[in-house]
Amino acid sequence: MRRILLTAYILAAMTTLHAQVPIRFSVQLDPQFAWFNSDDNAIKSNGSILHMQVGLQMDYFFAENYAFALGVGINNLGGNLLYADSTEFSSKGEPLLVEPGQSVKLNLQYLDFPLGLKLKTEELGYATFFLQLGFNPMVNINAKASTDDGFMDKDDVRESIHLFCLGYHAGLGAEYKLGGNTALVGGLRWSAGLTDVTNNDRANVKTNVITVHLGVLF
């Protein structure tokens, strides 16, 4: 009898905990515009690139309208950099010297592990609005470089890119309920790098991203 009562108590506690701390998952496919900035006048941003980000996010609610947001995804970033001085990249152990005045297009791919805090409003009709703030620890898994003159054409330059990158993000969005626990998610998010992307000691090159957030919440 005691075992039955104890089991019933544990199940009741778990049910209550689940009711108080629900977990929601979402999948996302986000188009985004990415570009670089630099603290060295000899290395300038020379335009943005349209990329896609795909991922999975878990919202862990510790209160009714407050959640920890944890995710994993493939984040494609990049941009164009204009070099006033000669700059050396490395591809598979071979040096690649970019001439002064040349623009380099960098396409970078990362494993992204975003984590942050999500603040939601009460449901208004079928819609709920939210603010999300957090950080983006990322690990580089691919890096390609191309130049206008064809000297580099999607050359593998991972040796010239830092393995780890840290950024932050802030975004606004809305969830539109379709039925049950399913909802469409949309919004805008700003992201920026906190650490240097390249291993060029002369300058700190950091990412900037504007993302159109699109997803489905379950």
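Looking for something of a type in the set (Asp, Glu), free of Cβ contacts under 8 Å to residues at least 24 places away in the same chain and open to solvent by 40 Å² or more (accessible area, probe 1.4 Å) - is there at least one such residue anywhere in the stretch 140-151? The answer is no; no qualifying residue exists. Evaluated against (1) within 21 Å of LEU131 (Cα to Cα); (2) open to solvent by 60 Å² or more (accessible area, probe 1.4 Å); (3) in contact (Cβ under 8 Å) with a residue 24 or more places away in the chain; (4) of a type outside the set (S, T, N, Q), ARG202 falls short on exactly one condition, (1).
Being under 30 Å from GLY179 (Cβ atoms) and of a type outside the set (A, V, I, L, M) is a description that applies to ASP59.
Looking at the stretch 73-123 only, could you name the residues that are buried (at least 21 other Cβ atoms within 10 Å of the Cβ) and β-branched (Val, Ile, Thr)? Selection gives THR87, VAL104. The residue that is least open to solvent (accessible area, probe 1.4 Å), among those in the stretch 42-72 that are over 24 Å from ALA143 (Cβ atoms) and outside any strand (DSSP E or B), is ASN65.
Take the conditions β-branched (Val, Ile, Thr), out of contact with any Phe, Trp or Tyr (no Cβ under 7 Å at 6 or more places or on another chain) and more than 25 Å from VAL157 (Cα to Cα) and apply them to VAL54. Does it pass? No, not satisfied.
The values are calculated or read from the model by the stated rules, or taken from the named source; none is laboratory data. Just so it is clear, the model here is predicted, and its values are computed rather than measured. Neighbour counts run over all protein chains shown; Cβ positions are idealised from the backbone, glycine included. Just so you know, the surface numbers come from the protein's heavy atoms only, side chains and all, with ligands and any DNA or RNA stripped out. Shrake-Rupley method; radii C 1.70, N 1.55, O 1.52, S 1.80 Å.
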